[in-house]
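Right, one structure below, let's go through it.
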Amino acid sequence: SSKGKIFIHQMPSFEVICSRAFSNAASCMIQDNDHFIILHTKRPFIYNTAFSVTTGFLKRPSIQNYNKSQIFVSGSYCNNVLVGLTSSNALCLWDVRSEESPHLLTLPNNLNVQDVIINNNVVVIGHGKGFISELDVRNMKQRMNQFDISSQIITSQAKNNQSRSFISQFSLAKNDYEPWIIGFQYDNGPAGIVDLMSRKV
């Protein structure tokens, strides 16, 4: 919830089987049927469904000039790889089976990164005024593709003489069954999907 309370539901009844409030949770992700990952503002932990920590060895990133204002704001998980995004535009990549420090990529501040997702070997970041970039997990410094979401939405709405501002925050979502499909949602309304193969919105 918006107040940091995490609920575990039994499916398909949706009955709440457990819940707990965290004051510093940035993101929560399912790992498997018995475990989930909470990316706290400082570091990640793996919990079981009773909210007991099962993996506490995931290390904090070694970010230069790290201070209290540089916290995790978003995270995503896929196939034992966890990615976290800090408020200082740093991407941190953990192998949740390893005790090694996370791989780190510091992105330029002018990118204004807003969200991140990982699916298989692809990391997708949302940044700027409606742009998303596709990175390779094995070499995140190499940007594979970039897409301008906002320009395609504006083009489609121009026929109705409508204009929108796309400087607001937006978030991303992945599709586990179609890894080339990325969802997006602006906080001021527009939402849709991006096909990473055809580059169409």
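Structure notes:
- Test: Ile193 is at pLDDT 85 or above, open to solvent by 60 Å² or more (accessible area, probe 1.4 Å), of a type outside the set (Phe, Trp, Tyr) and assigned to a strand (DSSP E or B): yes
- Boolean, Ser88 is touching a residue at least 24 places away in the same chain (Cβ under 8 Å), in a loop (DSSP other than H, G, I, E, B) and either touching a strand residue (DSSP E or B) at 6+ places or on another chain (Cβ under 9 Å) or open to solvent by less than 70 Å² (accessible area, probe 1.4 Å) (or both): yes
- Note on segment 122-141: residues that are open to solvent by 50 Å² or more (accessible area, probe 1.4 Å) and touching a strand residue (DSSP E or B) at 6+ places or on another chain (Cβ under 6 Å) amount to 1.
- Checked against (1) closer than 16 Å to Val73 by Cα; (2) open to solvent by 10 Å² or more (accessible area, probe 1.4 Å); (3) at pLDDT 85 or above, Ile118 passes all but a single condition, namely (2).
- If you check Asn145, Asn109 for being out of contact with any Cys (no Cβ under 8 Å at 6 or more places or on another chain), open to solvent by 20 Å² or more (accessible area, probe 1.4 Å) and without any contact (Cβ under 8 Å) to a residue 24 or more places away in the chain, only one passes: Asn109.
- For Pro61, the criteria (1) touching a Leu at 6+ places or on another chain (Cβ under 7 Å); (2) in a strand (DSSP E or B) hold in every case but one, which is (2).
- Among residues of segment 54-65, those that are at pLDDT below 80, over 25 Å from Val124 (Cβ atoms) and surrounded by 13 or more Cβ atoms within 10 Å (Cβ to Cβ), counted: 0
Residue-wise test of (1) of a type outside the set (A, V, I, L, M); (2) outside any strand (DSSP E or B); (3) open to solvent by less than 70 Å² (accessible area, probe 1.4 Å).
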position	(1), (2), (3)
Ile6	no, no, yes
Pro12	yes, yes, no
Ile17	no, no, no
Ser23	yes, yes, no
Ala26	no, no, yes
Phe36	yes, no, yes
Tyr47	yes, no, yes
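The values are calculated or read from the model by the stated rules, or taken from the named source; none is laboratory data. Computed from a prediction, not measured in an experiment: that's the story for all the values here. For neighbour counting, all protein chains shown are included, and Cβ atoms are generated from backbone atoms with ideal geometry for every residue, glycine included. SASA here: full protein model, heavy atoms, side chains in, ligands and nucleic acids out. Shrake-Rupley method; radii C 1.70, N 1.55, O 1.52, S 1.80 Å.
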